[in-house]
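Shown next, in structure tokens, is the structure this report addresses.
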Amino acid sequence: MPPTDASTEAATDHAAQVAPGSGPDTGTRPHTGSDPGAATDCEDTLDLRLPDELIALFARGEEQPGDAGAGVGEPWTLAEAGIDGVVGSSVADSGAGGGDLLDRVAGWGPVPTGVGVFQLVPVRPDRDAPLVSRWMNDPAVAAFWELEGPESVVEKHLRPQVDGDGRSVPCLGVLDGIPMSYWEIYRADLDPLARHYPARPHDTGIHLLIGTVADRGRGLGSVLLKAVADHILDKRPSCARVVAEPDLRNTPSVSAFLSAGFRYSAEVDLPDKRAALMVRDRALRDLL
């Protein structure tokens, strides 16, 4: 079952990150919002067009028969990425030009923050599942993510993302060479979340889990949320907004997003929670 919440700050601060039914492993598509009772005049279809990403995928499929699909590439190490001392993770290399659905998260590189140098490193389940599973078995986390249990539970959650079409990329958050958080960077406009708010093309979503109790309650959540949101905007020119959906009841989590420069946009009813839709706008990033 997809997670419903994650801790960003104190041990009692659980930031809701994934709503049931909106995870990358559901295989569903965003609701189109069409009205079955609407008029069926043929003029209604004149403006319909396939998304650019879908057209690009078709084109690549014709040019590269037998290709395993977007988001598949050779594994890499943190040392090769310029970060020493950590084992794990893989790269989703879509080739020159960065044509995958999230503009090659693996190649975004490190970003300086007020708490150290931070980097998102795509997860490699066979190496990183034990660490992520240990975090998920923290009772404070398990109550919301619902991924406690043996490593196979986490592997089952990670695998559809890693082997999927690239619309969601699970990552380790590495701070000064040490993995200390779990992230999911995903295309919110291609996620079932888009059924519940007025999504725009290339909206990019964030799910976050601060791994250990020692890293909570230090203000890391707000610092890293802001850094990652701005990194997304820097690396994804087509993305105008970064979104998140913490549980509305989780006041500390909502506060962390506000401190990170997100604005409170709306309340949305998700399958397992009423969420606060938090938005960081490219146009407002220098003001918030």
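Of the residues making up segment 216-229, those that are part of a loop (DSSP other than H, G, I, E, B) and within 18 Å of Asp191 (Cβ to Cβ) number 0. Every test in (1) of a type in the set (A, V, I, L, M, F, W, C); (2) in contact (Cβ under 8 Å) with a residue 40 or more places away in the chain; (3) part of a helix (DSSP H, G or I) is passed by Leu101 save one, and that test is (3).
Only one of these is touching a Lys or Arg at 6+ places or on another chain (Cβ under 9 Å) and closer than 18 Å to His231 by Cα: Asp176, Asp203. Name it.
Asp203
Only one entry in Pro179, Pro170, Pro150 is touching a residue at least 40 places away in the same chain (Cβ under 8 Å), farther than 21 Å from Val213 by Cβ and not aliphatic (A, V, I, L, M), namely Pro170.
So that you can scan it fast, the table gives a plain yes or no per residue for (1) within 11 Å of the chain's Cα centre (by Cα); (2) modelled with pLDDT of 95 or more:
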{"residue": "Ser168", "(1), (2)": "yes, yes"}
{"residue": "Val174", "(1), (2)": "no, yes"}
{"residue": "Pro179", "(1), (2)": "no, yes"}
{"residue": "Gly205", "(1), (2)": "yes, yes"}
{"residue": "Ala214", "(1), (2)": "no, no"}
{"residue": "Gly217", "(1), (2)": "no, no"}
{"residue": "Ala229", "(1), (2)": "yes, yes"}
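Figure legend. Inter-residue proximity from segment 207-229: first residues surrounded by 24 or more Cβ atoms within 10 Å (Cβ to Cβ), second residues polar (S, T, N, Q) and assigned to a helix (DSSP H, G or I), beta-carbon distance below 9 Å, spacing 6+ or different chains. Indicated pairs: Gly221/Ser253; Gly221/Ser259; Leu225/Ser259. Need pairs with beta-carbon distance below 7 Å; first residue closer than 30 Å to Gly149 by Cβ and within segment 107-136, second of a type in the set (D, E, K, R); sequence gap 6+ or separate chains. Sorted first by the residue in segment 107-136, then by its partner, the pairs are Pro125/Glu155; Pro125/Arg159; Ala129/Glu151; Ala129/Glu155; Pro130/Glu151; Ser133/Glu151; Met136/Glu148. Just one of the numbered conditions (1) farther than 24 Å from Asp269 by Cβ; (2) among the aliphatic types (A, V, I, L, M); (3) out of contact with any Asp or Glu (no Cβ under 9 Å at 6 or more places or on another chain); (4) part of a helix (DSSP H, G or I) is not true of Ala129: (3). Within segment 230-288, restricting attention to residues that are in a helix (DSSP H, G or I) and among the hydrophobic types (A, V, I, L, M, F, W, C), the residue that is surrounded by the fewest Cβ atoms within 10 Å (Cβ to Cβ) is Ala283.
Between Ala199, Ala140, Ala129, Ala188, the distinction of being among the aliphatic types (A, V, I, L, M) and at pLDDT below 95 belongs to Ala140 only. Within segment 155-173, does at least one residue satisfy the condition of being of a type in the set (Asp, Glu), under 26 Å from Leu190 (Cα atoms) and either out of contact with any Pro (no Cβ under 6 Å at 6 or more places or on another chain) or surrounded by 23 or more Cβ atoms within 10 Å (Cβ to Cβ) (or both)? Yes, the conditions are met somewhere in segment 155-173. Taken over segment 154-188, the criterion of being among the small types (Gly, Ala, Ser) and on the phi < 0 side of the Ramachandran plot is satisfied by Gly164, Ser168, Gly173, Ser181, Ala188.
The values are calculated or read from the model by the stated rules, or taken from the named source; none is laboratory data. Worth saying up front: this structure is predicted, and the values here are computed from it rather than measured. As a convention, Cβ positions derive from the backbone with ideal geometry for all residues, glycine included, and neighbour counts pool all protein chains shown.
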